[in-house]
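The values are calculated or read from the model by the stated rules, or taken from the named source; none is laboratory data. Keep in mind it's a predicted model, so treat the numbers as computed, not measured. The protein model used for the area step is the full one, side chains on, heavy atoms only, and it has no ligands, DNA or RNA in it. Shrake-Rupley method; radii C 1.70, N 1.55, O 1.52, S 1.80 Å.
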Amino acid sequence: MNIPTGALTIGGLFSGLAIPTWHIARFAIAHIKNRGQILRDATELIPLLAGISYGGLATATTSGLIGFMTGLFTWLGNGVGSLAMWGATGGETTLAARSNVVQLTGMGNLILLLITVVILGGWKAIPDSVKPEMGQGIFAGILLGLSATLGGWFAAFVIPMANDLGASLVGSIA
């Protein structure tokens, strides 16, 4: 089975954008009448944003189990989004929107794996009510990690920072 790890179609971009758009729209509409609660209730979006951040970083690795899973999620997101867009608009959705060429080094992969250990280790302690939002955020982050906006930001700032942090960690311990 050929799992594309670095190609995002317009349908996949739709899938990645639909999830945060859904959650943010519901949050914003719920606070139209009570604007004073927005800042206090903004913590409701943290699990989604944490998931998006982790998913975006995970797209920078291209091998191993995490790389396979990000490729699988990208493949699924491309397929589901293309089917939804084709069914709703009848338009072409298989054009490649963007692919990410910046990758984590071995030291950056160390940081990604440590973050994965933190998420897996703390998963049981995370309240059940926020687990779906975090999982959806991870899925959206994987897809948006290949987009020009979030992927470009990750390629310019987050991935080099993870690589540098990993190099510092390896240099100070090893």
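Listed conditions (1) closer than 28 Å to ASN163 by Cα; (2) among the charged types (D, E, K, R); (3) modelled with pLDDT of 90 or more are all met by ARG98, apart from (3). In segment 23-128, counting only helices (runs of 4 or more DSSP H) that sit wholly within it, the ones holding 3 or more residues that are aliphatic (A, V, I, L, M) and open to solvent by less than 40 Å² (accessible area, probe 1.4 Å) span 46-58, 106-122.
For segment 156-174, residues that are open to solvent by less than 60 Å² (accessible area, probe 1.4 Å) and not small (Gly, Ala, Ser) total 6. Residues that are in a helix (DSSP H, G or I) and open to solvent by less than 60 Å² (accessible area, probe 1.4 Å) within segment 129-146 comprise LYS131, GLU133, MET134, GLY135, GLY137, ILE138, PHE139, ALA140, GLY141, ILE142, LEU143, LEU144, listed in sequence order.
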